[in-house]
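No lab work stands behind these numbers, since they all come straight from the coordinates. Small disclaimer: the values here were computed from a predicted structure and weren't measured. So basically every Cβ, Gly included, is an ideal-geometry build from the backbone, and we count neighbours across all protein chains shown.
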């Protein structure tokens with residue numbers, strides 16, 4: 001049941017809404033003042049897609065189909081739940097748990113496709129549908145999870161689970177259902193249930209509004225540049241893209257630099273005009289807190305108060321304790337201890353890096369006969385590139401010609417999967433796509449049977465949310481006999497027509513990273529939908545994808561894809577050695593900006609009373625005080641996200657942004673194990689697939705890790721990788737094969 005129920009609620013609360021790019025169309029069929037009655041009989045969401053593996057019929061699904069499908073899906077599921085709850089037969093695993101797993105198919109199908117499109121290609125119609133249905137989905141969720149008769153049957157099975165004759169996956173399914181219902185409020189009094197329903201509805205509405213504000217202001221805050229000279233330092237392709245962006249806004253002759261939903265902005269690394277870098281930075285950091293139509297501070301205050309109230313109602317001291325109880329971390333204290341251990345050396349590293357940057361500034365200004373200036377946040381990336389060039393004699397522009405996007409995908413990402421797991425891939429062009437640039441591939445297992453369908457959506461666009469992610473349109477499970485249809489999404493700037501798509505090294509790693517999520521979804525081999533694919537704890541889900549990054553610079557893989565897009569010549573070993581030598585470079589900055597955001601998240605969600613939540617006008621002061629308290633406040637390195645545009649923690653990663661580095665602990669241990677056991681070998685891939693990737697959530701995540709590595713996780717490999725040990729701080733940074741863990745992908 002988690003697939004339709006929790007999906008309908010969690011995706012409604014967590015999916016980030018996007019800017020509009022089409023004329024408004026309401027789900028009731030209204031467009032431009034004309035009402036068109038939806039053809040219910042022709043709604044393609046009512047039945048499974050007839051395409052291979054139930055691949056979505058993107059060419060037939062209309063925005064007007066979603067509302068009727070949601071309405072029918074919720075109505076059908078409530079009838080199914082009513083029949084289960086009122087079944088005169090005694091509860092059994094089949095007539096209660098399995099029956100719930102089988103229910104809600106129309107709703108599951110419609111919500112999966114809708115919220116996937118909201119993330120990848122939204123419009124005004126979809127934004128309106130999202131806003132209209134967010135509270136309805138919350139109410140639907142509550143109608144099921146707060147049904148006393150239904151819970152009584154689940155509770156009875158929970159008590160009998162050891163004697164039901166179930167296999168381990170079946171027993172775990174009963175336990176998970178019971179825990180989900182209890183955590184949703186099934187044991188509350190009627191009065192508390194009524195209040196909980198109100199809270200859930202309000203949170204759903206506020207979450208949608210927050211995400212829509214974030215994207216609207218990202219698009220609205222784009223920087224308009226009057227002259228080409230101001231863009232000095234950007235590549236010709238980047239300048240052309242800025243000119244095209246201006247034309248799209250009817251600003252011919254000007255240039256537009258679009259913002260990303262992070263504090264730092266990529267052009268800051270290359271723009272020689274310091275004033276323009278400052279404009280970019282200042283436009284970025286004030287988003288959501290400047291008193292305009294998209295100000296999110298009031299929404300933040302309301303959301304945090306409601307989360308505190310909800311957690312208290314359910315018996316937890318704060319929302320973080322509630323959220324972490326089902327994660328591998330288990331407690332806020334465990335998260336605080338890990339983050340607290342990392343913060344001091346990270347800030348110390350950042351300050352050492354800042355001293356190097358300041359020295360370059362001083363030297364340059366002296367050579368120009370001009371007074372020096374203090375390093376500011378908008379200077380960091382720019383002077384980092386200068387120091388990188390000075391220390392390692394290369395910059396990103398030198399390696400990009402060897403990293404053409406489709407070649408990286410097919411001869412890098414796919415090649416590694418072939419070597420490690422025996423997979424093969426074949427592009428197909430006969431299936432419909434929701435956007436012309438999207439690529440589709442059939443994926444075949446080592447025995448030649450088709451395993452999955454894979455979708456690659458590379459390019460950034462105004463209708464697409466920021467970052468990079470994976471989602472499943474169809475998940476594997478034996479109950480229905482379905483096979484995976486999974487998608488990867490990146491935000492690579494699309495080059496002008498006729499120009500190649502050349503990646504940075506970080507974008508290359510991100511492509512490998514996201515395909516790690518795709519493998520997790522494609523290798524799923526579970527019985528029940530509840531456990532399929534990436535249905536694992538939030539602080540575990542990033543772990544397999546981070547492991548897959550190791551193949552980006554694995555010598556045999558790199559040699560197969562790092563070739564000049566024009567000549568086909570391999571990347572020179574000298575250049576590759578420089579890339580590898582620079583792997584830990586700027587790690588203090590990257591770790592500090594990430595930890596700033598992760599610790600800020602914990603501070604918000606460890607507030608223990610409604611009265612302790614600041615009002616709207618105190619939100620930014622709370623943020624500042626929290627960072628000072630944790631010793632992570634370093635003005636030159638602001639947090640990766642500030643509170644009013646921290647979309648992760650207003651949605652599915654509430655109290656969970658720490659998960660990336662928690663997962664990296666597991667990742668670093670696993671990479672160490674794989675290297676010790678021969679690296680890129682089928683035996684290692686088969687072991688990882690069988691013991692971990694194929695198991696989904698059917699077994700405790702910590703046990704899955706131990707099944708593969710044979711030991712509990714150790715933090716030392718992570719500290720070494722990030723240069724945070726005392727030894728690493730004093731040794732040379734040149735270290736071939738070390739991962740660069742930039743956080744731009746999230």
Please compute the contact order of the stretch 224-360 in relative form: average sequence separation of alpha-carbon pairs under 8 Å and at least six residues apart, divided by the residue count, as a percent.
14
From Cα pairs below 8 angstrom and at least 6 apart in sequence, can you work out the relative contact order of the chain, rounded to a whole percent?
16
Angle between the chain longest axis and helix 619-629 axis [Cα atoms, degrees, rounded to 10]
70
The stretch 647-678 versus the stretch 49-87: alpha-carbon centroid distance in Å:
34
Going by average Cβ density within 10 Å per residue, which order do the peptides 415-422, 628-635 take, highest to lowest?
415-422, 628-635
Find the Cα radius of gyration of the stretch 70-118, compare it with 2.2 N^0.38 Å by division, and give the number to two decimals.
1.32
Using Cβ contacts closer than 10 Å as the measure, can you line up 351, 254 from fewest to most?
351, 254
Can you put 681, 386 in order, fewest other beta carbons within 10 Å first?
681, 386
Using only alpha carbon pairs under 8 Å that are at least six residues apart, calculate the relative contact order of the stretch 419-463 and give it in whole percent.
33
Computed [θ] at 222 nm, helices only, for the chain once each DSSP H run of length n ≥ 4 contributes -39500 (n - 2.57):
-16000 deg cm²/dmol
Stokes-Einstein D for the stretch 214-359 (20 °C, 1.002 mPa s, Kirkwood Rh from Cα pairs), in µm²/s, comes to 113
Tilt, helix 587-605 to longest principal axis of the chain (alpha-carbon atoms), in degrees rounded to tens, equals 30
If only Cα atoms are counted, what is the Rg of the chain, and what is its Dmax, in Å?
25.4, 90
Using the number of other C-beta atoms within 10 angstrom as an exposure proxy, rank 178, 528 with the fewest first.
178, 528
What is the distance in Å between the Cα centroid of the stretch 398-412 and that of the stretch 422-474?
18
For helix 297-313, what angle does its Cα long axis make with the longest principal axis of the chain, in degrees from 0 to 90 and rounded to 10?
40
Rg and Dmax [Cα atoms of the stretch 221-285; Å; Rg one decimal, Dmax integer]:
10.8, 28
